[in-house]
Amino acid sequence: MQKPILIGLTGQSGAGKSTVSGIMRELGLAVIDCDGISRLVSTYPEFLSEVEKAFPGYTDENGLKRREFGALVFNDHEKLGRYGQIIFPLIKKELAAQIERLASQGERIVVLDAPTLFESGLDKACAEIISVIAPLDMKIKRILERDGIPVELAQSRLSSQYAEKFLYDRSDRVIVNDGDISDLRKKTEELVLEIKERFDA
C-alpha cells in the first residue's frame, strides 16, 4: 500500500484555515481535521489522568474544563509546552491510523488541517506546508463571533501563536485571507489545482 503525500495546512486562529480546508475537501482532496482528533483524544481516560496530574483541578466528571484550561495554558508558554507533551503523542497515534485508513481507500494526497502543525512536529512529515494568515482585526472579529469569548482572551490566544514571519519562513505557500469568501475560494482553487498538478493526482 503506497503512503499518501501529506500536505500540512496551518494558520493563526481566526485566519480562515478551516474554511480553506473545507474548500479543499469540496474540491476532492482528503482532509484530516487534527482539531477534531485533539477533541477526541481529550476524552481518553489516559489523557484526562495525565492532565489532572500536571494541572490539578482542571478536569471533573465531565472531562476537561476547556474554557478555564484554555485561559491557563494560552497565557503561559511553559504550561502550553507541558500540555503539548501530554496530548501530541495521542494525536499522532490516532492520526497515523486515519492516514492508513485513507491510504487503504486509495487516497494519494492527504491534507492535515492542523493548527499546531509546527508545535506537534507534524510539519516534518509533510511534503508541502500551507499557512493561512489574515489581518489582526479580521482575526479577532472572527474569533469573537465563532467562540463567544472576551476580546482579551482572543488577543491572548493570538499572542501565544506563531507570528506571520515564522509562518512565511517555514511555509511553501501562504494564503492571505484579507478579502471576502469568494476571493478566498479563488485563491484556494488555484492552490489545489497546483497541488494536483505537482503531485500528479
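Check whether at least one residue in segment 178-196 is within 22 Å of Phe69 (Cα to Cα) and in contact with a Ser or Thr (Cβ under 7 Å, 6 or more places away or on another chain), and report yes or no. Full working, then the answer.
Applying the first criterion (within 22 Å of Phe69 (Cα to Cα)) to segment 178-196 yields none.
The answer is no, given that none of the residues of segment 178-196 is within 22 Å of Phe69 (Cα to Cα) and in contact with a Ser or Thr (Cβ under 7 Å, 6 or more places away or on another chain).
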Inset, instruction - Looking at (1) under 14 Å from Met24 (Cα atoms); (2) in a helix (DSSP H, G or I), find the lone condition where Ser131 falls short. - result: (2)
Legend entry - Which numbered condition Ser182 fails, given (1) under 14 Å from Gly16 (Cα atoms); (2) part of a loop (DSSP other than H, G, I, E, B): (2)
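Tell me whether segment 72-89 contains one or more residues that are of a type outside the set (Gly, Ala, Ser) and within 15 Å of the chain's Cα centre (by Cα).
Filtering segment 72-89 for residues of a type outside the set (Gly, Ala, Ser) gives 72-80, 82-83, 85-89.
Among the residues that remain, those that are also within 15 Å of the chain's Cα centre (by Cα) are: 87-88.
Checking segment 72-89: at least one residue is of a type outside the set (Gly, Ala, Ser) and within 15 Å of the chain's Cα centre (by Cα).
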Legend entry - Leu27 vs. criteria touching a residue at least 12 places away in the same chain (Cβ under 8 Å), within 20 Å of Glu194 (Cα to Cα) and surrounded by fewer than 18 Cβ atoms within 10 Å (Cβ to Cβ): yes
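Within segment 161-172, work out how many residues are exposed (fewer than 15 other Cβ atoms within 10 Å of the Cβ) and not aromatic (Phe, Trp, Tyr). Reasoning before the result, please.
First, the residues of segment 161-172 that are exposed (fewer than 15 other Cβ atoms within 10 Å of the Cβ): 163, 165-166, 168-169, 172.
Retained after the next criterion (residues that are not aromatic (Phe, Trp, Tyr)): 163, 165, 169, 172.
Counting residues in segment 161-172 that are exposed (fewer than 15 other Cβ atoms within 10 Å of the Cβ) and not aromatic (Phe, Trp, Tyr) gives 4.
For residues that are surrounded by 15 or more Cβ atoms within 10 Å (Cβ to Cβ), without any contact (Cβ under 8 Å) to a residue 60 or more places away in the chain and hydrophobic (A, V, I, L, M, F, W, C), tally how many sit in segment 175-201. Lay out the reasoning, then the answer.
First, pick out the residues of segment 175-201 that are surrounded by 15 or more Cβ atoms within 10 Å (Cβ to Cβ): 175-177, 184-185, 187-188, 191-192, 195-196.
Within this subset, residues satisfying the condition of being without any contact (Cβ under 8 Å) to a residue 60 or more places away in the chain are 176, 187.
If we keep only those that are hydrophobic (A, V, I, L, M, F, W, C) too, we end up with 176.
Final tally of qualifying residues: 1.
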Inset, instruction - Check Ser171 against each of (1) more than 25 Å from Gly81 (Cα to Cα); (2) at pLDDT 95 or above; (3) under 19 Å from the mean Cα position of the chain (by Cα) and name the one condition it does not meet. - result: (1)
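Name the single residue that is surrounded by the most Cβ atoms within 10 Å (Cβ to Cβ) among those in segment 1-20 being in a helix (DSSP H, G or I) and under 10 Å from the mean Cα position of the chain (by Cα). Spell out the reasoning first.
Of the residues in segment 1-20, the ones in a helix (DSSP H, G or I) are 17-20.
Next, from what is left, pick out any that are under 10 Å from the mean Cα position of the chain (by Cα): 17-18.
Working: Lys17: 25, Ser18: 18.
So the residue we want is Lys17.
The values are calculated or read from the model by the stated rules, or taken from the named source; none is laboratory data. Given the structure is predicted, the values throughout are model-derived calculations rather than measurements. Please note: Cβ atoms are built from the backbone with ideal geometry, for glycine as well, and neighbour counts cover all protein chains shown.
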